[in-house]
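These notes are about the structure you will find just below.
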Amino acid sequence: MVTTGVTGGSWRATITPWGAVAPWDGTPLDWYVAADDRWHVPARESTVRQRRIAGTPVTETRVRVPTGDVVQRVSSVADRGGITIVEVENESTMPVAVAFDHREVLSDRPITDVPIEGIELPPAAFVRPLGHRATLRVGLAHRPPTRGVLPVAAGWTRVVSGWRASTDRASRFELPDGAAGGGLADAVVGARCELLLGVLPDDPAERLVAIGELVRLGDDAAAWVDELAAAVEAAAPSTGWAADAGLTAAGRVLALADERRAGADLARIVAGRTASLRPSSPPP
């Protein structure tokens, strides 16, 4: 699952593995594709492939139809208080139709009442034709009004660039070419993006590492001191490299916050521990 939204705003949604956008406090928006053979339901199709683009919260979901792929991309922009844009491009060689299951959306063209045949969808569903190489866009507004015209906004490539610039503030990874190196770098970007959107792990040791990353990404260290103290108390009795890494991250945050007494207390805790070996490979 991927979290989407804009930093500085409170609206968040989960992008499912098949490309539905599920707001945390609203109605999910799902999509369907009618090709010349049948209706394709991404939630049930074995041909669905999804990726984070360059590790960012911008997702690309592909659904195979008889003559190619129909490609959906989801990105969130800050325009007009925040909009999550769902873009669908027809890369197949034949026209298709794309349906969405409700109308609480902004649209790049008027929504018309066209009968939907061959599939059972909610009464508020609507359908749009999509020719070869054509693209359609709808948006979920992060605040009212939730219907109307979709404004011209930054494209998904600019959103990707913005997220990469934000995550590179902490550090930039230069890894060997190939799937393994690129995959690891993208995984780091993805984890940082989730943190910037407010998704922190529950495990105390992992939470300490996450807070350390947020401070590296520009958060005020002093603002995290109280939560850091609670996580240190919970993580300190644990053994293993994850706990060691978390306590090390906590020490850096306390130093940046100029919390000298707390830093000294933490140093005594660390000095009384037996250091663990660094794992030979990233955790699954």
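Values as computed for the structure displayed
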quantity	calculated
Selected residue [in contact (Cβ under 8 Å) with a residue 60 or more places away in the chain and within 30 Å of SER161 (Cα to Cα)] from LEU196, LEU217, LEU200	LEU196
Single residue of segment 64-88 satisfying the filter (over 22 Å from VAL149 (Cα atoms) and part of a strand (DSSP E or B)) that is most open to solvent (accessible area, probe 1.4 Å)	ARG64
Qualifying residues in segment 264-281 (those that are open to solvent by less than 90 Å² (accessible area, probe 1.4 Å) and over 19 Å from PRO237 (Cβ atoms)) - the one modelled with the highest pLDDT	ALA264
Within segment 9-62, tally of residues that are closer than 20 Å to PRO95 by Cα, open to solvent by 40 Å² or more (accessible area, probe 1.4 Å), part of a loop (DSSP other than H, G, I, E, B) and in contact with a strand residue (DSSP E or B) (Cβ under 6 Å, 6 or more places away or on another chain)	1
Hits in segment 178-212 (condition: touching a helix residue (DSSP H, G or I) at 6+ places or on another chain (Cβ under 6 Å) and among the charged types (D, E, K, R))	ASP186, ARG192, ARG207
Top-ranked residue of segment 106-137 - restricted to ones that are touching a residue at least 60 places away in the same chain (Cβ under 8 Å) and not in a loop (DSSP other than H, G, I, E, B), ranked as farthest from ARG12 (Cα to Cα)	LEU130
Check on ARG143, in a loop (DSSP other than H, G, I, E, B), within 29 Å of ARG12 (Cβ to Cβ) and open to solvent by less than 80 Å² (accessible area, probe 1.4 Å)	no
Filtered residues of segment 146-169 (kept if among the hydrophobic types (A, V, I, L, M, F, W, C), under 28 Å from ARG103 (Cβ atoms), part of a helix (DSSP H, G or I) and open to solvent by 60 Å² or more (accessible area, probe 1.4 Å))	TRP156
Sole exception among (1) open to solvent by 50 Å² or more (accessible area, probe 1.4 Å); (2) at pLDDT below 95; (3) of a type in the set (Val, Ile, Thr) for VAL209, by number	(2)
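The values are calculated or read from the model by the stated rules, or taken from the named source; none is laboratory data. Note that the structure is a prediction, hence the values are computed from the model and not measured. Neighbour counts are summed over all protein chains in view; Cβ atoms, including those assigned to glycine, are modelled from backbone coordinates with ideal geometry. All accessible areas refer to the heavy atoms of the entire protein, side chains included, with ligands and DNA or RNA removed. Shrake-Rupley method; radii C 1.70, N 1.55, O 1.52, S 1.80 Å.
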